Structures are given as structure tokens and as C-alpha cells.
Amino acid sequence: MGLNLEKKQVVVAEVSAQLANAQSIILAEYRGLEAGDMTALRAKARGAGVYFRVLKNTLVRRAVADTPFAPLAEKMTGPLAFAISADPVAAAKVLSEFAKGNEHFVIKGGAMPNLVMGPKEVGSLAALPSRDELLAKLMGTMQAPVTKFVQTLNEVPSRFVRTLAAYRDKQQAA
């Protein structure tokens, strides 16, 4: 059953709202995929903070018009599922991981603002560490010199105390 005009406008507005703070959008063809597998994928996407829906291409084309994702409209052919994410890597990771285990699920391409990607580039994007992983590595790198400095400062009184203890033990033994 088709959507009436009001429902179409609601869908376009919903997708536009998601695109407003999106950093990536990934397209995937889902022909032959079972409903249970699609439900599992939706749950994974939701858990990763990815907006994932099967939508009509014409509605998504309207939503991406006048956005940095507008060049992606050329790749919108066939039955597609759309993953939109504020984290540039999250959508690519979720879909690429799912595609490895399902031959019926094929990534067709994607886009970042003003950059259209093919399936190979989406795979490369999925291989990158996520934003949280990068922040954790950065914090570890920034914390390491401070930690080493504190350990060095703590070593001076510790060595002094050990020297006094050794001297005391020597005096007691004599």
C-alpha cells in the first residue's frame, strides 16, 4: 500500500532531520534478505546510534536535495536500505560487519558531506577506529607524559626512604 502525501512529507521531514546532524550515509541493497536478519540488523544499528530504514529512493532524494549529501542521489537505484549516522564510522562499521555474514546484503556506496564513496571506500571507512576509540587513544597519549612525570617525582622520596631503611637495618645489624 502506497503512502499518501502527508505520510510522504513526514518521512521526508524525518530523514531531513536525521541528515541535519549526519556525518555519513550508507546505502545497501537488501534483496533476498530474510525478515529476521533485517530485524537483527536494525537492532545492531539502533545500539550503535545509527538511523537505519528501508525507504523509497524518491523520498530520500528529496530529503538529500540541498544538503552536502546531494551528489549521492545518483547512486539511489533499486531496493535500498539507508543508514545515517552522526559518527562518520558507525554506520559503515555496522553495515560492513553485517554484510560479511550475509551474501544477500550488499553495500552499494555511501557519502560523507560533499564526498561520494563507492563500496570499497565504505569498507575502508569501516576499518577505521570509531570516534570513541580515537578519543580513548588520544587521552591515553596525553596522559602518558603526566603519569611518567608523577612516577619520576615519586621515585625521589621513595629512593630516599629505601636508603634510610637500608641504613637503619645496617645500624641495627652492627
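The values are calculated or read from the model by the stated rules, or taken from the named source; none is laboratory data. Remember, predicted model here, so these are calculated numbers, not experimental data. Cβ sites come from the backbone with ideal geometry, for glycine too, and all protein chains shown count toward neighbours.
Residues are listed down the side, and each one gets a yes or a no for (1) in a loop (DSSP other than H, G, I, E, B); (2) closer than 16 Å to Gly109 by Cα; (3) outside the structural domain of Ala111 (by TED's automatic domain parsing); (4) at pLDDT 90 or above:
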| position | (1), (2), (3), (4) |
| --- | --- |
| Arg31 | yes, yes, no, no |
| Asp37 | no, no, no, no |
| Leu41 | no, no, no, no |
| Lys44 | no, no, no, yes |
| Arg62 | no, no, no, no |
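Considering only the range 70-98, state which residues are among the hydrophobic types (A, V, I, L, M, F, W, C), assigned to a helix (DSSP H, G or I) and either touching a Pro at 6+ places or on another chain (Cβ under 8 Å) or surrounded by fewer than 20 Cβ atoms within 10 Å (Cβ to Cβ) (or both).
Looking only at the range 70-98, we keep the residues that are among the hydrophobic types (A, V, I, L, M, F, W, C), and these are 70, 72-73, 76, 80-84, 86, 89-92, 94-95, 98.
Remaining after also requiring assigned to a helix (DSSP H, G or I): 70, 72-73, 90-92, 94-95, 98.
Result: Ala70, Ala73.
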- Message: Which numbered condition in (1) surrounded by fewer than 15 Cβ atoms within 10 Å (Cβ to Cβ); (2) touching a His at 6+ places or on another chain (Cβ under 7 Å); (3) among the aliphatic types (A, V, I, L, M) is the only one that Leu33 fails?
- Response: (1)
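Determine, yes or no, whether Asp87 is among the acidic types (Asp, Glu) and touching a residue at least 40 places away in the same chain (Cβ under 8 Å). Before the answer, list the steps.
On the way: among the acidic types (Asp, Glu): yes; touching a residue at least 40 places away in the same chain (Cβ under 8 Å): yes.
It is true that Asp87 is among the acidic types (Asp, Glu) and touching a residue at least 40 places away in the same chain (Cβ under 8 Å).
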- Note on the structure: Of the candidates Gly109, Gly123, the one satisfying the condition of being touching a Lys or Arg at 6+ places or on another chain (Cβ under 7 Å), outside any loop (DSSP other than H, G, I, E, B), surrounded by 12 or more Cβ atoms within 10 Å (Cβ to Cβ) and assigned by TED's automatic domain parsing to the domain that holds Leu95 is Gly109
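Here is a check on your reading of the model: is Val116 closer than 26 Å to Ala17 by Cβ, modelled with pLDDT of 85 or more and in a helix (DSSP H, G or I)?
no
Can you confirm whether the range 108-129 contains a residue that is among the polar types (S, T, N, Q), within 29 Å of Glu14 (Cβ to Cβ) and under 12 Å from the mean Cα position of the chain (by Cα)? Lay out the reasoning, then the answer.
Looking only at the range 108-129, we keep the residues that are among the polar types (S, T, N, Q), and these are 114, 124.
From the residues that got through so far, the ones that are within 29 Å of Glu14 (Cβ to Cβ) too are 114.
Add one more test, that the residue is under 12 Å from the mean Cα position of the chain (by Cα), and what stays is none.
Checking the range 108-129: not a single residue is among the polar types (S, T, N, Q), within 29 Å of Glu14 (Cβ to Cβ) and under 12 Å from the mean Cα position of the chain (by Cα).
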